[in-house]
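For reference, the structure is listed below as structure tokens.
The values are calculated or read from the model by the stated rules, or taken from the named source; none is laboratory data. Nothing here was measured: the structure is a model prediction, and the numbers come from that model. Counting neighbours? That spans all protein chains shown, and the Cβs are built from the backbone with ideal geometry, glycine included.
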Amino acid sequence: MADRKAFLLRIDPDVLDAIQRWANDDLRSVNGHIEFLLRRALQEARRPVAGSGHAPGGRRRARAEAPSGEQDPAKE
């Protein structure tokens, strides 16, 4: 697992409560869900996370197509 940097986040209690409910619905921790939302926002703003091997939400990205243009066998 990649190193994680801890930091203090001041947040409105109502916003935190809404994020907690959303995280629960998606079976994530609050921390994991906040990271998921931040990664998605970065992706939508076309500001990729350098060196990231993970898609938003911590899931591995699908492998790219084979150089010959054939589909990756893992996708079939």
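When Ala74, Ala66, Ala62, Ala41 are checked against the criterion of being hydrophobic (A, V, I, L, M, F, W, C), loosely packed, with under 10 Cβ neighbours inside 10 Å and either out of contact with any strand residue (DSSP E or B) (no Cβ under 7 Å at 6 or more places or on another chain) or modelled with pLDDT under 95 (or both), a single residue qualifies: Ala74.
In the condition set (1) surrounded by 10 or more Cβ atoms within 10 Å (Cβ to Cβ); (2) outside any helix (DSSP H, G or I), Arg4 is compliant with all but (1). Taking the range 8-20 as the range and being assigned to a helix (DSSP H, G or I) and either surrounded by fewer than 10 Cβ atoms within 10 Å (Cβ to Cβ) or in contact with a Ser or Thr (Cβ under 7 Å, 6 or more places away or on another chain) (or both) as the test, the residues that pass are Pro13, Asp14, Val15.
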